[in-house]
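S.K.: My structure is below; once you've seen it, I'll send some questions.
The values are calculated or read from the model by the stated rules, or taken from the named source; none is laboratory data. Remember, predicted model here, so these are calculated numbers, not experimental data. Quick reminder, even Gly has a Cβ in these numbers, built from the backbone with ideal geometry, and neighbours come from all protein chains shown.
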Amino acid sequence: MQYRYVALALCTLAFTATMVARLVISPVVPQITTEFAVSRGAVGLALTGMWAAYALSQFPSGVLADRFGERYVILLAVGLTAVASLLLAAAPNYAVFAVTAVVLGGGAGLHYTVATSFLARHFDRVGRAIGIHVTGGPVAGLVAPVAAAAVGVRYGWRPALLLGAVVALPVFVLFWHRIEPTPPAQPETTMRSRFEIGPLRRLLDRPEIRYTTLMSIGGAFCWQATASFLPAFLIGYHGQSAATASLLFSAYFVVHGVSQPLLGTLSDRIGRDPVAVGAFGTGILGYGTLVVGTGVAVLAAIPLVGLGMSWGAPVQSRFMDILSSDERAAGFGLVRTVYMTLGALGSVVVGALSEVAGWSVAFGLLAAVLAFETLLAAALTLRG
């Protein structure tokens, strides 16, 4: 097998490992709250800290890769994921649990930006490579919650959290042995200079970067809201049972995972912006149907939403197209920190809106956001 395909497979496994460690926590939250005698809100605060650390570590990961090489940073990400999972499972009290959760998020967050830059250097068809790499997330979304719930019921929450280390450790060993050392892009540049505000502002002020970041913010906003509330929406708005809602949520992840490499490959052939238009437009149809449809229409809307939320393959590939090889690690890390941090508001806004105005308004907002994204991507397509 060609080296680049080995690298793609191991980067995808590394992404899966960093996702599994974070996704095994939610199914055992009730057991954690009971043992530590804290509220769900307290555990939720710890998880918010974890995801915030994940978003904020994107830019530093790129800077580290430029200074020390991509292989080193990816190994650091997977290694920290394994160690943090072990410490999380052994946490003696809530305070240690909360701090370790933040460490887990920050460590896991070192992977994605650097792996994307690494793969962009090895593949001419960047969209396809990124699309395959991204599937590591949906795979984790399918497997991790089910496995954690089963282990948690039988053995308790601590063994359930150990699943993160069980997956990460062999991936670390494989990556260490099979991936060759990567030369740093800017070994002589000081770390301090990479965090100066002026160059960062100039990068974000470039029109192509600004437009692509804006597309990503809207897409991330909808993705976060969907990942947080789709089952609750199906139960509360459509009266689905918890079992049916979980099944449809799994179906969403299946479509999301399968469509990523397909959209990435298509964007290599016909262009990033037309494929982004198609993805966002499909998402509008999906969310709109979820709000106004009933019965079979709701079932049909789930794959449309899954396809719509696969915008990352063409849009993230667009970043790789417009960033130079020397900019890709730190530059993509910077824009990813921006759009993930702002996109995380999707969970807060949709959750609050569902309580104040109802589920139809909350999920209708997601269709409206994607309508704006579609217009933006269409304008870029026509201009190009």
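S.K.: Counting just the residues of the stretch 1-41 that are among the hydroxyl-bearing types (Ser, Thr, Tyr) and at pLDDT below 95, which one comes out surrounded by the most Cβ atoms within 10 Å (Cβ to Cβ)? Working first, answer last.
M.R.: Looking only at the stretch 1-41, we keep the residues that are among the hydroxyl-bearing types (Ser, Thr, Tyr), and these are 3, 5, 12, 16, 18, 26, 33-34, 39.
Cutting the leftovers down to at pLDDT below 95 gives us 3, 5, 26, 33-34, 39.
On the way: Tyr3: 11, Tyr5: 13, Ser26: 15, Thr33: 18, Thr34: 10, Ser39: 10.
Among them, the one singled out is Thr33.
Residues checked against (1) touching a helix residue (DSSP H, G or I) at 6+ places or on another chain (Cβ under 8 Å); (2) modelled with pLDDT under 90; (3) among the polar types (S, T, N, Q):
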{"site": "Ser228", "(1), (2), (3)": "yes, yes, yes"}
{"site": "Phe233", "(1), (2), (3)": "yes, yes, no"}
{"site": "Tyr237", "(1), (2), (3)": "yes, no, no"}
{"site": "Ala243", "(1), (2), (3)": "no, yes, no"}
{"site": "Phe249", "(1), (2), (3)": "yes, yes, no"}
{"site": "Asp268", "(1), (2), (3)": "yes, no, no"}
{"site": "Pro274", "(1), (2), (3)": "yes, no, no"}
{"site": "Gly286", "(1), (2), (3)": "yes, no, no"}
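S.K.: Take Ala82 and tell me if it is modelled with pLDDT of 95 or more and assigned to a loop (DSSP other than H, G, I, E, B).
M.R.: no
S.K.: Listed residues Ser317, Ser310, Ser324, Ser354; which is in the same structural domain as Gly257 (by TED's automatic domain parsing), crowded, with 21+ Cβ neighbours inside 10 Å, outside any helix (DSSP H, G or I) and of a type outside the set (A, V, I, L, M)?
M.R.: Residue meeting the stated conditions: Ser310.
S.K.: Are any residues in the stretch 39-69 under 19 Å from the mean Cα position of the chain (by Cα) and without any contact (Cβ under 8 Å) to a residue 24 or more places away in the chain, and if so, which ones?
M.R.: Gly44, Thr48
S.K.: Is it the case that some residue within the stretch 40-47 is in contact with a Leu (Cβ under 8 Å, 6 or more places away or on another chain) and part of a helix (DSSP H, G or I)?
M.R.: Looking only at the stretch 40-47, we keep the residues that are in contact with a Leu (Cβ under 8 Å, 6 or more places away or on another chain), and these are none.
For the stretch 40-47, residues in contact with a Leu (Cβ under 8 Å, 6 or more places away or on another chain) and part of a helix (DSSP H, G or I): absent.
S.K.: Considering each residue of the stretch 105-133, count those that are of a type in the set (A, V, I, L, M) and not in a helix (DSSP H, G or I), and give that number.
M.R.: Counting residues in the stretch 105-133 that are of a type in the set (A, V, I, L, M) and not in a helix (DSSP H, G or I) gives 1.
S.K.: Let me ask something else. Return the pair list, or none, for Cβ contacts closer than 8 Å from residues in the stretch 290-302 that are within 20 Å of Ala279 (Cβ to Cβ) and surrounded by fewer than 18 Cβ atoms within 10 Å (Cβ to Cβ) to residues that are modelled with pLDDT of 90 or more and polar (S, T, N, Q), at least 6 apart or on different chains.
M.R.: Qualifying pairs under 8 Å: Ala300/Thr289.
Conditions tested, residue by residue: (1) hydroxyl-bearing (Ser, Thr, Tyr); (2) free of Cβ contacts under 8 Å to residues at least 12 places away in the same chain.
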| position | (1), (2) |
| --- | --- |
| Ser324 | yes, yes |
| Ala330 | no, no |
| Leu345 | no, no |
| Leu353 | no, no |
| Val356 | no, yes |
| Trp359 | no, no |
| Leu365 | no, no |
| Phe372 | no, no |
